Amino acid sequence: MKHDVKNLKLAPEGKRRIEWADADMPVLKLIKERFEKEKPLDGIRLSACLHVTAETANLARTLKAGGAKVVLCASNPLSTQDDVAASLVKDFGIPVFAICGEDNKTYYKHLEATLDHKPNVTIDDGADLVSTIHSSHPTLAKDVIGSMEETTTGLVRLRAMERDGVLKFPVIAVNDAATKYLFDNRYGTGQSTLDGVIRATNMLLAGKTVVIAGYGWCGRGVAMRARGMGAKVVVTEINPIRALEATMDGYWVMPMDEAAKVGTLFCTLTGDIHVIRKEHFKLMKDGAVVCNSGHFNVEIDINGLNELTVEKRPGVRKFVDGFVMKDGRTIYLLGEGRLINLASAEGHPACVMDMSFSVQALATEHIRENHDTLENRVYDVPHEIDEWIATLKLKSMGISIDSLTKEQKKYLTSWETGT
Ligand code: ADE
């Protein structure tokens, strides 16, 4: 079996971590048990480009249990858990091409290795497989019956392809399922981003001014958790509705050129390019810490930061680089501007990935069953999948809820009853 991982000797530690995560992924486990019996993905060649974590390992095991031939590469050069990658190869017979810290050339070589599998289904976190198929291997597209996308940023790229009429197979917008974004993007990113910042810096958040760029579901999560830890939270936005919402949620809202002067910690979660740039670095206080928790490492203008720098102090701590400015101020960049929650921490906890990856598994089954009727468009996840996952997640948490009485059902479907 071809693979490229750091060291297969790391497998025992990886296996323990995969099993630890598995214990907190009860919904995915139910799907795996059913897949084992029914084999709904029998014979499907599936290439996945995801963060190679213990949680992803459990998705890969589930897809394999369903009969898919799964191959995995990383969706970010810094997020691979090498022990997990080793265990997937050694203990679970799943080919993995991913090494933490790989350079860009190796990253793309690994992506190509995953496409050598000639997939029928792809799963992306950031649309790299789909865009590589379209740009470099268009002949592979004829075998692809559909693709799943895990993240907001990936969907932006895919919807642009749909709009331009170039998309060659259907895509399911897993990110946009309610059981995904309301929990993974908000509570997952909220907790794991601060986890990453704290592991990298050991900084106390109480009393600090934390600037959150972007008030989407991820930004909301980080703002909420930072406030919960005693930080004064500033939000920057370009969208007036979101800015208004952040204001009424009780945060200060201001443009980045004002926020730059007051912040101690800056975190970008916008999905856009150069949200923090030269003009902002010039205004920041000595010791300001800057990080990104958006998908790509484009949100912070690192070239601009380098241009202002007279002395670089790499590795002042693991995942922390210092940039000394002409006037003596030092600005610290975390995790090379890559997703801080996966660079210096372990990504979202298994409890929340349970839902995201249950959506992935069921969306894969949905594509298998329905690809004949799907067009080359970006589709929402069917509502029944969302409801089923929410119901089982609640059950796994020991929470029961009310159901409508006959009278209530009738009331909700009639129009006669008024004041
Ligand atoms: N994205 C964010 N957290 C993750 C995790 N734990 N595993 C895979 N992808 C993730």
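For the structure I just gave you, tell me whether residue 221 is touching a His at 6+ places or on another chain (Cβ under 6 Å), closer than 30 Å to residue 384 by Cβ, buried (at least 20 other Cβ atoms within 10 Å of the Cβ) and of a type in the set (Gly, Ala, Ser). Reasoning before the result, please.
Numbers: touching a His at 6+ places or on another chain (Cβ under 6 Å): no; closer than 30 Å to residue 384 by Cβ: yes; buried (at least 20 other Cβ atoms within 10 Å of the Cβ): yes; of a type in the set (Gly, Ala, Ser): yes.
In short, no.
Is it the case, given these coordinates, that residue 181 is hydroxyl-bearing (Ser, Thr, Tyr), at pLDDT 95 or above and farther than 21 Å from residue 247 by Cα?
Working: hydroxyl-bearing (Ser, Thr, Tyr): yes; at pLDDT 95 or above: yes; farther than 21 Å from residue 247 by Cα: yes.
Spelling it out, residue 181 is indeed hydroxyl-bearing (Ser, Thr, Tyr), at pLDDT 95 or above and farther than 21 Å from residue 247 by Cα.
Yes or no: residue 246 within 30 Å of residue 314 (Cβ to Cβ), touching a residue at least 24 places away in the same chain (Cβ under 8 Å) and in a helix (DSSP H, G or I)? For residue 246, the condition - within 30 Å of residue 314 (Cβ to Cβ), touching a residue at least 24 places away in the same chain (Cβ under 8 Å) and in a helix (DSSP H, G or I) - is not met. Answer yes or no as to whether residue 89 is away from the ligand (no atom under 16 Å from the Cβ), touching a residue at least 12 places away in the same chain (Cβ under 8 Å) and under 19 Å from the mean Cα position of the chain (by Cα). No: the conditions fail for residue 89.
Kindly indicate whether any position in the range 350-362 is more than 30 Å from residue 197 (Cα to Cα) and open to solvent by less than 20 Å² (accessible area, probe 1.4 Å). Checked against the condition, which is being more than 30 Å from residue 197 (Cα to Cα) and open to solvent by less than 20 Å² (accessible area, probe 1.4 Å), the range 350-362 yields at least one hit. Inspect all residues belonging to the range 18-26 and state whether any of them is in a helix (DSSP H, G or I), under 16 Å from residue 87 (Cβ atoms), within 20 Å of the chain's Cα centre (by Cα) and acidic (Asp, Glu). Yes, because at least one residue in the range 18-26 is in a helix (DSSP H, G or I), under 16 Å from residue 87 (Cβ atoms), within 20 Å of the chain's Cα centre (by Cα) and acidic (Asp, Glu). Note on the range 257-285: residues that are assigned to a helix (DSSP H, G or I) and either of a type in the set (Gly, Ala, Ser) or closer than 15 Å to residue 339 by Cβ (or both) amount to 2. Restricting attention to the range 198-210, does a residue exist that is in contact with a helix residue (DSSP H, G or I) (Cβ under 8 Å, 6 or more places away or on another chain) and modelled with pLDDT under 95? No; the residues of the range 198-210 include none that is in contact with a helix residue (DSSP H, G or I) (Cβ under 8 Å, 6 or more places away or on another chain) and modelled with pLDDT under 95.
The residue that is farthest from the ligand (Cβ to nearest atom), counting only those in the range 39-81 that are free of Cβ contacts under 8 Å to residues at least 40 places away in the same chain and part of a strand (DSSP E or B), is 70. Looking across the range 197-238, just one residue is β-branched (Val, Ile, Thr) and assigned to a loop (DSSP other than H, G, I, E, B), and that is 238.
Checking each residue in the range 10-38 for being in contact (Cβ under 8 Å) with a residue 60 or more places away in the chain and acidic (Asp, Glu) picks out 13, 22, 24.
Given the criterion within 26 Å of residue 226 (Cβ to Cβ) and within 16 Å of the ligand (Cβ to nearest atom), identify the matching residue among 202, 185.
Every option except 185 fails the conditions.
Do we have residue 96 as within 16 Å of the ligand (Cβ to nearest atom) and closer than 20 Å to residue 9 by Cα here? Criteria met by residue 96.
Evaluated against (1) outside any strand (DSSP E or B); (2) touching a strand residue (DSSP E or B) at 6+ places or on another chain (Cβ under 7 Å); (3) within 23 Å of residue 335 (Cα to Cα), residue 14 falls short on exactly one condition, (2).
The values are calculated or read from the model by the stated rules, or taken from the named source; none is laboratory data. Not measured: the values here are computed from a predicted model. Every residue, glycine among them, receives a Cβ derived from its backbone with ideal geometry; neighbour counts consider all protein chains shown. Ligands, DNA and RNA are stripped out before the accessible areas are found, and what is left, the full protein with its side chains, is counted by its heavy atoms. Shrake-Rupley method; radii C 1.70, N 1.55, O 1.52, S 1.80 Å.
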